[in-house]
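One structure is given here, and the rest of the page talks about it.
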Amino acid sequence: MSKFDGEIQELEVVMARRRGFTLIELLVVVAIIAVLMSILMPALDRVKHQVKMIKCQSNLHQWGLVMKYYTDDNDGFFMADLGHGRHAALSRPELKEYYKDDRLLLCPSATRTYEEGAWCPFAAWRSPEPDDPLGSPPCSYGINSWILSRAYCSRQTEDRMWKTPNISEAPYVPMVCDCAGYENASPWPEDEPPEYDGDFIQGTNYNEIRYVCINRHGGYINIVFMDFSVRKVALKRLWDLWWNRKWQEEIVQVGQPTWPEWMLDLPER
């Protein structure tokens, strides 16, 4: 065998040895991939949540237009009541004239219903009727029921109702927002915050702020205000808004709530 042939054989041996990774090399590669994934996944999750928040704000902008068109066509006044069952609040026929797609009823972070296994704050819900267990289309937004043109339940009084968006306080009055149930909420200044993340009250007129004090967007909810602007609002700032006409004078009397442990580290602004 010539020297040249020997060099070829040696080269083939070297190449054969380099065709595969050693176990150590494979472990190093796996470790590097794991480190990269641990860095990238939280960033990707943040991007995904941010996209959902932006889409939610876009939906609420559309709800602002729906409410504007409705009040423009009704002498400047909101609805007189919330309706019921399949015709509840946001899905009622009077409003449906101004939008076509029921997907507008859903925050992108809360599209599955409680019946489908979702839970607050990432759940949509329906308003059932005795003869129609499905009730209204799935919804994860709600109306501030203090905006209605007349009081509709025993706890509400006419002097607390906003009735029209044509007011100077409009930039501070929530109109439609992220909501945990029943397509509406009528908070009171003395309402207490949820005791734990995901806690809300069903079937009662007390502590209704818990319907909207939900940790759906990283310590915030999205709101379209009565001036038709859309903003994210920190959960701790919900008591600073003007939910009804007497809110500001009454919140001074009762004071700000004591935050439960789960809310202590949430954003202040």
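General observations
- Computed extension gain for K246 through V29, at 0.36 nm per residue and net of the alpha carbon distance, reaches 71.7 nm.
- Zone of W262's modelled label, taken as backbone nitrogen in the stretch 222-247 under 15 Å from a point 7 Å along Cα→Cβ: 235-236
- Using θ = phi - 60° and Karplus 6.51 cos²θ - 1.76 cosθ + 1.60, couplings along the stretch 239-246 (whole Hz; Gly, Pro as x): 6, 8, 7, 9, 5, 9, 5, 9
- Burial ranking of peptide ranges 31-37, 115-121, 55-61 (average Cβ count within 10 Å, highest at the top): 55-61, 115-121, 31-37
- Relative contact order for the stretch 59-125: 23 percent, from Cα pairs under 8 Å spaced at least 6 residues apart, divided by residue count.
- Total formal charge among the other residues, if their Cβ is under 15 angstrom from that of V212, Lys/Arg +1 and Asp/Glu -1: -2
- Where labels lie 7 Å past Cα in the beta-carbon direction, separation of M37 and V254 in nm: 4.9 nm
- Loop-resident sites, the stretch 167-269, for GluC sites (Glu not before Pro), counting at most 11 other Cβ within 10 Å (DSSP): E268
None of the figures in this text is laboratory data; all of them are computed from the coordinates on show. Owing to the predicted nature of the structure, the values given are computational and were not obtained by experimental measurement. Reconstructed Cβ throughout: ideal geometry from the backbone, glycine too, with neighbour counts over all protein chains shown.
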